[in-house]
Structures are given as C-alpha cells and as structure tokens.
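Input: a single structure, listed below in structure tokens.
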Amino acid sequence: MTLLRVALARCYQPASSCLLPLFIRCQQMGTVAQQPADSVNRLRESGLLKTQGLIGGKWVDAYDGKTIKVENPATGELIANVPFMGKKEARDAISSAYTTFNSWSKLTASERSKCLRKWYDLLVAHKDDLALLITLEQGKPLKEALGEVEYGVSFIEFFAEEAKRTYGDVIPPTQNDRRLLVLKQPVGVVGAITPWNYPLGMIARKAGPALASGCTMVVKPSEYTPLTALAAAELALQAGIPPGALNVVMGNSSEIGDALLESTQVRKLTFTGSTAVGKKLMAGSANTVKKVSLELGGNAPFIVFDDAEIDVAIKGCLAAKFRNSGQTCVCPNRILVQEGIYEKFANAFSEAVKNIQVGNGLDEGVVQGPLINEAAVEKVERLVKDATSKGANIVLGGKRHSLGMTFYEPTVIGNINLEMLVCREEVFGPVAPLLRFKTEDEAIRIANDTNAGLAAYIFTQSIPRSWRVSEALEYGLVGVNEGIMSNEVTPFGGVKQSGLGREGSKYGIDEYMELKYVCFGNIKEL
C-alpha cells in the first residue's frame, strides 16, 4: 500500500510535546545572541553536524546522490544538505537492524543498560550543542531547546534502569507435573517515524525503551529536522551502542514508510504525528500484522472554572499554549472559561500574552520563535479567518508578525463558538480561542465533543470537582491546576483518535516486548 502522505510529515506533523516548564523561565531568563553562521561552525567543530544517513554504523549518502536542504525557519538560511533517501536505503537499514538484533537482544539487560547510560552521559555532556542544533533547524528559543534536551535525555536515563526490570512471571500450575512461566522478550526490529517539533525528545522517548528491551531500530526523522537525530545517533555510536542497532534514514517519506510497512523483518512501528498519517500507517501495518504505537493529534480543552485561582490558570495556560509557538499536540486548542470570571480572565490573559517576545530563538529574551514553514502559517491564517467570518473578535494579534518569514503574532480570539474550525481542527500555532460556558456539565460536554483525546486541563480549587471532571474527560492525560505535566516516569498517550499505546514510564517498555508462555511438562520430581 502506498502511504499517500507520510509525506504530510514534511508540512504538518503534530507531535507530542510536553516539556519542563521552560516557557515561564524563558520569559525571565535571557539567551545569548549568536550568529547562525557562527553556530553552524561551532557545531561542525564539535563533530555533531552530521549530514549523511546512518546505516549499519556507516555514514552514507543517498545511493542516487540526491539531497534535500535543511533550512533555518527563522532566517531561511541553509544549514546543511542531507541525503534524500528512499526505499533502497530503508531496506538496507532494515537488514542491518535485523542482523544486529540477534546479538543486541542476547546481551544481558545490565549490558544494554550500561550502553544506554553512556549514551545518556554523552547527550548530557553535549546538551548545549544539541540545544543549539534544535534551535537552528526547528526554530524554538534556545532555552526551550535546552529544555527539550533535558526532557529527551531523561527517557534514556530512565530506560537504562528499566532495562533491568522487564520481569516475567510464574503462574501456579493447573497440574502437579507442570510448571508455567511467562517471559518478556523484545519484539524485534522497530521502525520509528518521528516529527519535527521535538526532534530529540520524540526520538529519545522511543529509542530509550526500544533499545533497553533489546530491540533494534530504523529511525526516520522529519526532513525538516534531521540534523538533531543524526547528532544523537553519532553519540549513540560513541557510547558503544553497536552498529546497526540504531539506523537513521531520511528523504522520500512515502518510499521509506512503504519499506517499513512492507518488511516482514520490521515487527513494530511507532509513530508520532498527525492522525491522518497515523491511520494510513495503521492500515498499512495490517498486511504484516505489526505491533503499532501511535501518538497522534489532539484538540485539548483548557477548562477554567469560576473557583479557579486566575493567576495560576493564566500561568498554566501561557505555558501550555505558547511553548514551541503553539506547535505541540497537547497545546490547549479550546480555552473554556466559566462565565462568572470570563471577562476578568480574558483581560488578564491578554495582558500577559502581550509580553511574549517573538523573534529568532538565538536572540536574547525571545520566547516565541517562527512556525516551521509557510504551510503552517497559512493554516493558522485560514482558521483565524474562518473564526472572524463567523463572529469571533480578535482580542490580540491575529496576523503575521512584522518580522516576516513564518513568524506569527501571539493571538487571542474571543466570542468563539463550536461551529468555528478553530474548535474542530488542531490549530498548531500561537492562537488562543476563548469560549464561555455556564455549568460543569456543559464544560464536560464541550470538551468531549471531538474525535481527539490526548490532553485536557482543568483549573479549580474544588477537590470533588477535580475528581468528577478528571474522570469524566475522555482524554489520556489530564492536568489539574497544571499546564505542564509530561515526564519520563508517567505514561503519555491518548484515547479515541489520538492514538494507541503509551510512551514513557514503566508501561512504556511493554510496547516493545512480546509475552511468551512456556509450559514445562512431565515434571515428576524436583
């Protein structure tokens, strides 16, 4: 089956997000201004600016010599050219991962743990360079990029330890001469398709448990942000993770995706991105009956009740809505405010949004960078235009930023209703739509009126209400009086059309393992 548009990943691929609360910190802490050219030279000197794919431990170009540009979204400047790979390179990467699986999976859990720990140490040692690389190719402010590195490496550290805790079970026998065991074993070769909005975090959240369990990987990063993936892979080689255990190919999304789907050697596919692409991957995986993990799009409600602490709610909303320029799938998409405090909240929230400084992520004081590309800006413009044509009013912003390129003004829209596309589609930009509601039941109904079910937020001082609403919301993640809730020790994932499976936590490694039942019979004496 041809993946009509795993290539959609080139222009729109919502992904998970969910970092440390750096947005507020970024408002308080400046960054040191740097010139992009100087930054590229610094990365080249560090040895982390890799511009080839990684197959079987070797850095390789596309077999036909084709390349694709990686550009800085804040300036349009060329950072590097990388290989535009396709089905042939993907198949070789799969073969390499399959060959290496036999040896990697047979290492003891402790041996794999030590390799992951060395990888973690190297990632931490190079965190400043990795953050710089993320800012250059993705656009987020440098402090926020550093937060992504810290978030990503936390998964490598966590699963380095979790590798030693993939316990099986002994089941009481049904007959005296039998013994019944359950083993956990790695599923095999894993294909991982990762997005542009968290180019290190999303790879680490998959590679940590996959490698810890004994699986090997073929990673296909977004063509917009392949350089961070390649840098991380270089450090994995330096850490002693064997050649072929972690392969990186990028280029023709459709061809690479088809190679992963068609291969019987790939036993699991893990994807972070849009629901539309996730559905195609899920359908394509049926032919070889692969295990599938999907972390897909969201339509997050942010519910503020009359009894909420408004200052806490505003701080939480700023952190959740505007980090990464609103380009995360857990960003609040609909801000529901109870009518008793609506005006007060809207005024105070808008005043806070006015203080968001927009610019190149390398510049001092910037807390909102550009959107990833022109298509992303056009989508935001379409949603805002639809809302205003149906009666919404622009409270703040509402247009492209004077900086040009793909910068968009931090925007607040009032008088929103449920017929507007901004309530039905994932915005994936710095636009905050405000809706009034009257009762708790109405808020729950509005919040659940969507096919998505990834993240939701509620702000209230009532403990009984916290329990009632949390349990009633049809979402995989619920933040109560908190706008930033993801970390390595808790499960991340959605319900309904927001995905399948969970990443992170002790549950995350099970996504990369199979259960095997072993029956010992004819045991007469022990």
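The table below lists the values:
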read-out: Coordinate range along principal axes, alpha carbons of segment 43-111, Å, largest first; value: 47, 30, 19
read-out: Full-extension gain in nm, CYS519 to ALA125, via 0.36 nm per residue minus C-alpha separation; value: 137.1 nm
read-out: Solvent-accessible area per residue, Å², over segment 340-491 with all protein chains present [probe radius 1.4 Å]; value: 42 Å²
read-out: Fraction of the pair-distance distribution of segment 326-465 above 20 Å, Cα-Cα pairs, percent; value: 48 percent
read-out: Theoretical FRET efficiency, 1/(1+(r/R0)^6), r = Cβ-Cβ of GLN185 and THR288, R0 25 Å, to 0.05; value: 0.85
read-out: Rough spin-label spacing in nm, given labels placed 7 Å along Cα→Cβ, for TRP467 and LYS66; value: 5.9 nm
read-out: Beta bridges by DSSP in segment 82-226, antiparallel share as percent, to the nearest 5; value: 40 percent
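The values are calculated or read from the model by the stated rules, or taken from the named source; none is laboratory data. These numbers were taken from a predicted model, which means no experiment stands behind them. Glycine gets a Cβ as well: all are built from the backbone with ideal geometry, and neighbour counts include every protein chain shown. Just so you know, the surface numbers come from the protein's heavy atoms only, side chains and all, with ligands and any DNA or RNA stripped out. Shrake-Rupley method; radii C 1.70, N 1.55, O 1.52, S 1.80 Å.
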